[in-house]
Structures are given as C-alpha cells and as structure tokens.
1. From the list 296, 291, exactly one residue is surrounded by fewer than 18 Cβ atoms within 10 Å (Cβ to Cβ), within 27 Å of residue 398 (Cα to Cα) and modelled with pLDDT under 90. Which is it?
2. Do you know which residues across the range 353-378 are assigned to a strand (DSSP E or B) and closer than 19 Å to residue 170 by Cα?
3. Look at residue 266 and say whether it is at pLDDT 85 or above and either at positive phi or not assigned by TED's automatic domain parsing to the domain that holds residue 322 (or both).
4. For the range 130-145, does any single residue satisfy the condition of being part of a strand (DSSP E or B) and more than 20 Å from residue 29 (Cα to Cα)?
5. So which of 310, 323 ends up being touching a helix residue (DSSP H, G or I) at 6+ places or on another chain (Cβ under 6 Å), surrounded by 20 or more Cβ atoms within 10 Å (Cβ to Cβ), at pLDDT below 85 and under 30 Å from residue 365 (Cα atoms)?
6. Residue check: is residue 480 in the same structural domain as residue 452 (by TED's automatic domain parsing), closer than 23 Å to residue 427 by Cβ, more than 33 Å from the chain's Cα centre (by Cα) and modelled with pLDDT of 90 or more?
7. Which is under 22 Å from residue 521 (Cβ atoms) and free of Cβ contacts under 8 Å to residues at least 60 places away in the same chain, of 432, 405, 463?
8. Given (1) closer than 30 Å to residue 372 by Cβ; (2) assigned to a strand (DSSP E or B); (3) in contact with a helix residue (DSSP H, G or I) (Cβ under 8 Å, 6 or more places away or on another chain), where does residue 180 come up short, assuming only one miss?
C-alpha cells in the first residue's frame, strides 16, 4: 500500500509521474504550456541549481507578480526542503525592509522590470537573483534547463514550515505579521475545499478542473486552499477586463475573486456581453471573498443562475471559515468550517450568541514569527486556539459577521461591557450634506479601552468654504442626535472632533474600508495635541 501524501508536493510528484496524468497540461501562459511531467522536470533542474547555490533547507524569498517561473521556483524550493516566502512587489519600501528583517531569507528573487526593488535589494545583506520575464517564458526555460535532471525531493516533516506568508493588514513595519505554514495544513485545506465542492455539486466532475490562476503568489488563498482549486487577487489596472477575457477564452471552470471583480462581471453582462453569463453558469467552482459583497450583486447571481459562493477566510488559518451561497450569505453563514477538524465558538464560550470568533484546531500555526499579540495559544494536547479579532452574532443558527473586534470602541468608564460600533455612526455622518467622509475611533486607537471617542471629518466642497467656527457649529448639529442616542461615556465631544483641511484624507484600504490601523500614524499627533489642534 502506498504511503498517504503528506503535502501538495507529494501529490504533484505522483501526478507528474503517473502515465495516466503526466501528459496533462498543468500550467498555461498565453499559447505556451507545461505538462505535469514537464513542470516536474523543470522544477527538478531548478532544485539542483538551488541546492548548489544555497544548500538544503534554505529560506528563499520571491518579490514579484504571478509568473510560470514563480510556480516552478516554489516547487524547487520545496524539493530541497526549503521555505518559500512570497512577497507582493507593490509593498512600500519600509515594509519590504521589515519583512526581510523578520524572515531573513538566504536568497531573494526579483523581476528585472522591478527596477526600484532591484536597486534597493542590491544594498541589502541578502543574496539577490534577478530573472528577466521576457527571457523566462516557458519555451525559453525549457531550453535553459532541459529535461535531463534527476528527481530531487528532500524529506522533511509535514509539521515543519514550508512557507512564510505575510498578512495583508500591516500599516507599518511595527505590525508586520508573518505566518509559518506547514505542508500538512496546506494539504488539509486543499482537500477540505475539494470535499466541500464535491458535496454541494455531487454531479459535477472536478477532475481536470481548469483554474484561472491570476493572483499574486503573495496572496493567502493562492497557497492555503487554492493550489489545484482556485486563486484570487487584489485590484490592479484593468484587472476585471483581463479576468473576463480569461473566463471567455480559456474554458475556465474554477475561479475565486474579490467582490469588485464579480461586480465588474455583472456590469459587463448587463452591458451586452451575453457570452459571459453562459460561461459563469458552467463553472464548477465560483467564489468571492475578502470584502463585503454588494447585495445587488448577490441578487444578480441568484436570479441569473450563476453558482456564486461567498467565503470568509483568514490569512492566519488559511481556511475559509464560512462558505455559503451568495444571497444566503448576506443573512449569515451556517456553521461549517472548511479547516479540517476545526471547532468554532464565540469568546471561547460554548453557547455564546455574540462575541469574538475563536477557532480551535491542531492544524493551525502556533503563532506569528517574532510577533506576539495574544492571538494564538497552544494547550498541552497540541490544540491551537486562534482569536480571530472578528465579531459575530449567532442568529437563527447562523453566524452573522459584525466587524473587526478591534474596530469597536470600549470606553474606560463603561463597566457594563457595552461597546460602540463606529460604522453606523460613520454612515450617518457621511449622509449629511456637509460631510464627505468620516472616521470614528477611540483616543487609544486600536490599543484597548479609550477615555474619549473621536471623530475625524472630511467636509464637502460647500462646507470647506465656511470659517472655522461655522464648521464646528455645523458638525455639532450633525452629531447632536447621534450623541443623544449614545451612552454618556461613548458620546463624541466637540473637543474630540478633528476637521480636516482640503488636502487631508482619511486613509482607506484597497477594499475601500477605513484603514483604522493607519489612523494613529496619520492623525495621532493631531489627536494627542489637544483641543487647539483639532480643527485646522
């Protein structure tokens, strides 16, 4: 009896050497392709080269975009027992320096077209290797490496890290979080996802699934569930158009994307692209996640027969904690973790109906690398408890997401445990004619209970022309009914209101949410400077 696979690499090698599957196309790029056997030979050759250069078990970072070269390099690193470290090419220089300082790679690969990072890396204490995308096409790499290299696979424990992956929420080098991922965890999540899809589509054929893999390899779900199933990405120039082109022209049957891509597909279809709806209806796996889905998009998918599923996942665990049909997910998720063997609870209390979601599993990472914020703990039996920092409410046997726990404001003077969700207040402020944007945050920002609730306000064009006294008076008028409905300790004093000038903006994430982790960096000095600096 053959041994059970311990990793995705084991499954890949088996597939690449099985006569019945080795000739299948494993990667396509334009009109070029690698079969599984060809990709196996390519990664073997690259593994020998890496071993000669770095020895066994090196840490290898890659800073760049999605490219066939990256996939072959990742397999090669794993074949010599190394740790692969994918990093987004667009991270700010200070964050890149911080990332490299945390993971300390032996070698870093960069694309030659990334001139800025290549120049910066040359000054860093790390071996730098530059590859040229135009000279790293599939045909060129075939010529460079040939197919005569012997198989190479260094044995290592399925519980040892094979990848370090940075979360996408860092606002500075101080809160960078790198998660160590193991072969067992990656494999388990892939298997869980496939099993889940087989359950909800028992008549669909998943064998030979054609995946539109368009994510940067630094994105969590490119690795944690979706190698062999589906990948997702972050916004980029004209990205939706390129994804739609891939769906229409590559016979794609599996795709996962952020909601803005699905929304773009809805617009494209309603603009006259009827072929798109037929392609989407034929998908065996179609998902979105990573941000809130517009209810109108969920309704469109439901009424159009598009089999869209919505998932909520976390970089720290890699698994989608909840998955449900698009329209149904708007009202909460049924309990059903895709992380194998995971147990879910609110505030770690069985039966709680509202609180922070806590995930418990023996497969989870034991913590971040060089960073401890109390999110992870491990008991004597090896169970890992991860505090997600996401608040949920259990309603009608479903989990309804309420927001990030750290976004809620708890006042020091509140003894009842009551807290303030800033988002409804921000929405009310933005609905006022004179306010274009707003942020509500405690005066300790995201670092515990606050002594005051603060408001940061961007005024609309007309209001910007008012004098300072008039601006304050108008904002006070908008705040009055909001304060009347709030407990005294959570009311917003005008001494805690910062009215921004015309050039200042409230920072937002790429998903469009208020970037609360950056508020202290951007406005901390003004908020701590006292009443005199609030309106400027």
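1. Values: 296 fails: modelled with pLDDT under 90.
On inspection, the qualifying residue turns out to be 291.
2. Selection gives 376 alone.
3. Values: at pLDDT 85 or above: yes; either at positive phi or not assigned by TED's automatic domain parsing to the domain that holds residue 322 (or both): no.
Against the criterion (at pLDDT 85 or above and either at positive phi or not assigned by TED's automatic domain parsing to the domain that holds residue 322 (or both)), residue 266 does not qualify.
4. Yes, the range 130-145 contains at least one residue that is part of a strand (DSSP E or B) and more than 20 Å from residue 29 (Cα to Cα).
5. Matching residue, one of 310, 323: 310.
6. The answer is yes for residue 480.
7. After ruling out the rest, the residue left standing is 405.
8. (3)
The values are calculated or read from the model by the stated rules, or taken from the named source; none is laboratory data. Model, not experiment: these values are computed from the prediction. Reconstructed Cβ throughout: ideal geometry from the backbone, glycine too, with neighbour counts over all protein chains shown.
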